[in-house]
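The structure appears below as structure tokens.
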Amino acid sequence: MTNQPKKTKLTVAVTGLNAVDSPGPGVAVIRGIRDCQDFDVRIIGLSYESLEPGIYMEGIADKVYQIPYPAAGSESLLGRIEYIHAIEKIDVIVPNFDAELHNFIKISERLKAMGIGTFLPSLEQFEARDKINLFKFGEKHGLLVPRDKTIYDLSELPQVAKDFGYPIVVKGKYYEATIAYTLEQAQKAFHKLNAKWGLPIIVQEFITGTEVNVAALGDGEGNTISAVPMRKLFITDKGKAWAGITIEEDKLIDLSKKFISATKWRGGFEIEIMLTQDGKPYIMEVNPRFPAWIYLTVGAGQNQPASLVKMALGQKVEPFTSYEVGKLFIRYAWDLITDVSEFQKISAFGEL
Amino acid sequence: MKIKSNLAVSDSGFIFNPSNGDSFSTNTVGSDIIRLLKAGNSFDSIKKEIVEKYEVDEILFEKDFHDFVSQLQDYYLVSND
């Protein structure tokens, strides 16, 4: 007979299994949850496409179901989750994509009524940190955010560029950004981003410095449960961190705490920061979910995914007070071999 | 001039700046100088120790020391306190 504490038996559904070169956070979130010694967990993967690597990886998801694309709407998503829940009895869902969060936030109360916990920001919190509203948000709460201007027409570009001075950053509505040094480059970026993501386009003042990120977790009452800063050491051509290291910088922790206190943020998020040479932290973007490098927080001693699951279960989680500085993550590519029968199951039946 | 107090310097000369994640390599003379600076030693006492330990004359040491310190400043390894 052992005296080990009893583990909580639970089923957690997780999205974002696309562990590709511009990865979703799902696989890292699952690893964090699985590492937690308090859980005896069954993981349900929720995928959008048949070739998301997390579907096939050993020891990641116990079962995978495809779910409808966000554009199908919240009712369609709810219908699919009802089907999955009838089989799997899900305790908690952890959504991990920006584009799906709106739907999940909308149905969170109905999920709760079904006995499924989530730990998500409110729609107001979600909208406030949107890149279109970020400058106003920063002004309101005394946080440094580069000046920006949302434009709907190419003719607005020259004046904005004149106001900010070159270079400027031309950003898509959802993803991607280009640094433009001339009006011609800015116009080209406008057309490209408009064709890909639609209008509006965001033009932002260019800030130079060291790019650092913080993964953080707020309890929804203004308290910071965890905040771990990371410096990217290797960046892919898509701007994603392929290697990074935890760093010690009180300014970054303070900034995260200020953000959480101002928004009463509920759930995980990532702040992308440009630390200027004179030490000023400018918020470049706030992503409303865990980043793909979230497993580094587990390695550094603050298991954010497991803490979020606990809070989604209604448990009280005490704020972490320290983490290990100098912990590195190095991502790698790995050819996973599987059989066509597996691919066929997820493609034809939407389950594996 | 003060070296950042949280700077990590290994015996092999690997320097890690935990404030921004930068890392550098230096030779044994460089790591000795950083260690002595971190311990709060004056220029004269550092000069004495390095000149005694390594085969270097004082004039050359002074020149190299100032070059090295200027590099430390360029890489933000010096505290502004």
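Taking the numbered list (1) buried (at least 24 other Cβ atoms within 10 Å of the Cβ); (2) within 27 Å of A:I179 (Cα to Cα) in turn, A:L275 passes all entries but (1). Among the residues of region A:110-144, those that are modelled with pLDDT under 90 and among the basic types (K, R) comprise A:R129, A:K131, A:K136, A:K140. When region A:226-259 is filtered for residues that are closer than 19 Å to B:N17 by Cα and of a type in the set (S, T, N, Q), only A:T246 remains.
Of everything listed in (1) modelled with pLDDT of 95 or more; (2) charged (D, E, K, R); (3) under 15 Å from the mean Cα position of the chain (by Cα), the single unmet condition for A:R80 is (3).
Residue-wise test of (1) of a type in the set (A, V, I, L, M, F, W, C); (2) more than 23 Å from the chain's Cα centre (by Cα).
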position: A:K264; (1), (2): no, no
position: A:L275; (1), (2): yes, no
position: A:E285; (1), (2): no, no
position: A:V325; (1), (2): yes, no
position: A:L328; (1), (2): yes, no
position: A:E351; (1), (2): no, yes
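Being farther than 16 Å from A:L252 by Cα, at pLDDT below 95 and acidic (D, E) holds for only one residue in A:E272, A:E351, and it is A:E351.
Of all residues in region A:215-225, those that are more than 15 Å from A:F329 (Cβ to Cβ) and either of a type in the set (A, V, I, L, M, F, W, C) or within 14 Å of chain B (Cβ to nearest Cβ) (or both) total 3. Identification of helices (runs of 4 or more DSSP H) wholly contained in region A:48-159 with 3 or more residues that are over 23 Å from A:K171 (Cβ atoms) and touching a Ser or Thr at 6+ places or on another chain (Cβ under 8 Å) yields A:53-56, A:98-113. All conditions in (1) buried (at least 19 other Cβ atoms within 10 Å of the Cβ); (2) in contact with a helix residue (DSSP H, G or I) (Cβ under 6 Å, 6 or more places away or on another chain) hold for A:Y174, with the sole exception of (1).
Identify, from the list A:V228, A:V203, the residue that is within 14 Å of chain B (Cβ to nearest Cβ) and in contact with a strand residue (DSSP E or B) (Cβ under 7 Å, 6 or more places away or on another chain). That would be A:V228, the only listed residue that is within 14 Å of chain B (Cβ to nearest Cβ) and in contact with a strand residue (DSSP E or B) (Cβ under 7 Å, 6 or more places away or on another chain).
Given the criteria part of a strand (DSSP E or B), within 19 Å of A:Q344 (Cα to Cα), touching a strand residue (DSSP E or B) at 6+ places or on another chain (Cβ under 6 Å) and assigned by TED's automatic domain parsing to the domain that holds A:H85, does A:I44 qualify?
On the way: part of a strand (DSSP E or B): yes; within 19 Å of A:Q344 (Cα to Cα): yes; touching a strand residue (DSSP E or B) at 6+ places or on another chain (Cβ under 6 Å): yes; assigned by TED's automatic domain parsing to the domain that holds A:H85: yes.
Judged against the criteria, A:I44 is a match.
For the condition modelled with pLDDT of 95 or more and either touching a Phe, Trp or Tyr at 6+ places or on another chain (Cβ under 7 Å) or closer than 20 Å to A:V29 by Cα (or both), A:Y332 does not qualify.
Against the definition (surrounded by 14 or more Cβ atoms within 10 Å (Cβ to Cβ), among the charged types (D, E, K, R) and in contact with a strand residue (DSSP E or B) (Cβ under 6 Å, 6 or more places away or on another chain)), how does A:K192 come out, yes or no?
Against the criterion (surrounded by 14 or more Cβ atoms within 10 Å (Cβ to Cβ), among the charged types (D, E, K, R) and in contact with a strand residue (DSSP E or B) (Cβ under 6 Å, 6 or more places away or on another chain)), A:K192 does not qualify.
With respect to the conditions (1) of a type outside the set (S, T, Y); (2) in a strand (DSSP E or B); (3) away from chain B (no Cβ under 14 Å); (4) within 20 Å of A:A19 (Cα to Cα), A:F234 falls short on a single one, namely (3). Within region A:237-250, the set of residues being of a type in the set (D, E, K, R) and within 14 Å of chain B (Cβ to nearest Cβ) comprises A:E248, A:E249, A:D250. The number of residues in region A:145-177 that are under 21 Å from A:A99 (Cβ atoms), basic (K, R) and modelled with pLDDT of 90 or more comes to 1.
Just one of the numbered conditions (1) free of Cβ contacts under 8 Å to residues at least 40 places away in the same chain; (2) closer than 21 Å to A:V298 by Cα is not true of A:R42: (1).
The values are calculated or read from the model by the stated rules, or taken from the named source; none is laboratory data. None of these values were measured; they are calculated from a predicted model. In this analysis, Cβ positions are derived from the backbone assuming ideal geometry, glycine residues included, and neighbour counts consider all displayed protein chains.
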